[in-house]
Structure formats: structure tokens, C-alpha cells
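Heads up, the thing below is written out as C-alpha cells.
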Amino acid sequence: MLDVHNLSKAFGGIQVTRNVSFKLEKGERRVILGPNGAGKTTLIRALCGLVAIDEGNARVAGVSSGGGSTALRRQIGYMSQRFSLYLELTPWENLRFFANAYGLAGGAARAAIDWAREVTGLTDIPDKLTGDLSSALRQRLALACSLLHRPRVLFLDEPTSGVDPVTRYRFWRVIRELAASGMTVLVTTHYLEEAAYCDRLALMLDGRLLAHGSRSSLNHSLGLEADATVEMLFTAAIEQAGTANSRALGP
């Protein structure tokens with residue numbers, strides 16, 4: 001469903017992502033965990049066709065990520081860090097705008113909006129500007145807008161940043177339900193505890209994927225106990241990557 005091979009991207013001579021490779025299957029949930037500046041957002045934007053890929057390639061639901069084609073946009077949903085909403089519009093106006101952007105009109109648009117509202121729990125929509133909504137409501141609205149066309153692959157870039165822990169937990173419950181329905185979901189975050197919500201985990205630092213796999217397989221490969229915390233896992237992955245780089249450079 002998602003196949004990334006040696007993807008690299010630089011801006012102004014600064015390498016932001018470096019030879020990133022991984023695969024996701026249908027209905028899989030994966031979280032890319034890393035600090036701010038790790039390259040997570042650039043990676044997501046490259047996969048969505050919003051920035052050009054310098055080296056390597058990626059295919060999303062069989063469509064190349066290069067160029068941001070119409071065929072690619074039909075396959076993906078994208079929720080950015082800033083929720084990609086028009087704050088000067090009402091929630092209803094945002095929903096209708098995004099439905100139209102995805103080519104939905106009339107009864108099809110109304111049905112899509114009703115479905116997305118039900119999935120995200122966006123039942124009571126206040127009659128006010130989106131900019132006046134709480135962070136929790138804007139989060140749900142942004143997710144609903146990204147789902148209207150029922151994408152095969154959903155990209156969520158730091159979707160829980162700035163919301164409270166209860167809202168974060170409810171959001172991840174929706175993600176689990178979407179994945180259970182067959183949607184492939186890739187999420188970026190810097191919250192260590194969110195690693196527990198996904199099938200597989202990818203650790204990213206300085207534009208590189210240090211390691212990826214299930215928690216149990218990562219613990220095993222890094223020589224950690226089964227009950228090791230995500231912080232311990234990340235630290236071990238950094239140490240292992242540093243050792244490998246030192247060996248490659250030589251004495």
C-alpha cells in the first residue's frame with residue numbers, strides 16, 4: 001500500500017531526509033517517532049507529493065508520489081500540523097469546501113460529510129468561525145475533512161500536538177477504527193507514549209530512520225528487555241546508529 005525506497009530530500013544544501021526506506025500494508029498503523037527537526041514533516045510532505053523528492057522514490061496505493069498528481073490526491077488523506085483548515089470559515093463551510101475539492105457534490109457530498117462526522121464524533125457543530133473553536137474540535141474537524149473521499153492511505157502529521165491527553169486518547173481510538181476498516185495510516189509524533197497505539201514503530205532522527213518494526217522486534221534487535229520503555233528503545237537505537245557510523249568512518 002505504501003512503498004518508500006531510499007527517499008532523500010535537501011533544502012538549500014541541508015539534507016532533511018536521508019535514504020529513508022520502509023513499507024506499509026493495507027490496514028496497518030505506523031507511527032514515526034522523533035524530535036522536532038527529525039525530518040518527519042518533510043517526509044510526509046514528500047509522500048503526499050507536496051515537495052519534490054531529490055533521490056529515491058515512493059509509491060502510494062500504486063501511484064508515484066512525484067508531482068502531486070490528481071491520481072495521487074484521490075488515494076491519500078492529509079492532515080497537517082496546523083490542521084489545514086480555513087479559520088475564517090465556519091466548520092460547515094470547511095466541510096463543504098473540502099468535499100468540493102475532492103470532487104464531491106450534491107448528495108454524494110452530503111453523504112460523505114455525514115459519514116466523516118460520524119466517524120470522528122463531530123456530532124454537534126457550533127455555528128461560529130473555525131478559528132473560534134477549541135483545539136479539540138479543530139482537530140476532529142481537520143480529520144473529518146481529510147477523510148471525506150475515503151482515502152486508501154491517511155497521513156497525519158503531528159495530529160495530537162497541542163491537545164489534552166483525553167482528546168489525544170479519543171483521537172487514537174478513531175485511528176484504530178479507521179485502520180480496522182482497511183485504511184492504511186501513517187502518523188508522526190514526538191510523544192513517546194503514542195508509540196503504544198500503533199502496530200509498528202519507526203524511530204527517526206536527523207533525517208534518518210534509525211530502526212523500525214514492532215515494539216517486540218525492536219526490543220529484541222537492540223538487546224533490550226521485553227518491558228523496556230520507548231525512551232530506552234530510542235536511546236538504544238541512537239547509540240547503535242552512532243556505533244555503526246563510527247565503524248563506517250573508521251578510526
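With angles folded into 0 to 90 degrees, how steeply does helix 106-120 sit against the dominant principal axis of the chain? Use alpha carbons for both and round to 10. The answer is roughly 50 degrees.
Looking at segment 47-149, I'd like the Rg to Rh ratio, where Rg is from alpha-carbon atoms and Rh is Kirkwood's inverse mean 1/r.
On the way: Rg = 14.8 Å, Rh = 14.6 Å.
We get a ratio of 1.02 for segment 47-149.
Using C-alpha pairs under 8 Å with a sequence gap of at least 6, the mean separation divided by the residue count of the chain gives a relative contact order of 26 percent.
Of all lysines in the structure, those lying under 22 Å Cα to Cα from K23, and not within fewer than 8 positions of it along the same chain, are K9, K40. Label-to-label distance, T123 versus N57, with points set 7 angstrom from Cα along the beta-carbon direction: 4.8 nm. Packing around the peptides 73-81, 106-114, taken as the average count of other Cβ atoms within 10 Å per residue, puts them in this order, highest first: 73-81, 106-114. Solvent exposure of T235, expressed as accessible area, is near 70 Å², computed with a probe of 1.4 Å over the protein chains only. In terms of Cα to Cα distance under 15 Å, which aspartates and glutamates are near enough to K26, apart from those fewer than 8 places away along the same chain? Excluding near neighbours in sequence, the set is D3, E177, D199.
Rolling a 1.4 Å probe across all protein chains gives D127 an accessible area of roughly 150 Å². Just the Cα atoms of the chain, one point each, no solvent: what log10 I(q)/I(0) does Debye give at q = 0.10, 0.11, 0.15, 0.16 Å⁻¹? Log10 of I(q)/I(0), two decimals: -0.50, -0.60, -1.08, -1.20.
The alpha carbon centroids of segment 134-174 and segment 21-69 are separated by 19 Å. Does anyone have the angle between helix 230-249 and the longest principal axis of the chain? Alpha-carbon axes, 0 to 90°, nearest 10? The helix 230-249 is inclined about 50 degrees to the chain.
Each label point was placed 7 Å from the Cα along the Cα-to-Cβ direction; for T229 and L192 their separation is 0.4 nm.
The values are calculated or read from the model by the stated rules, or taken from the named source; none is laboratory data. Since this is a predicted model, take the numbers as computed values, not measurements. Note that we place each Cβ from the backbone using ideal geometry, even for glycine, and neighbour counts take in every protein chain shown. Surface areas here come from the heavy atoms of the whole protein model, side chains and all, with no ligands, DNA or RNA. Shrake-Rupley method; radii C 1.70, N 1.55, O 1.52, S 1.80 Å.
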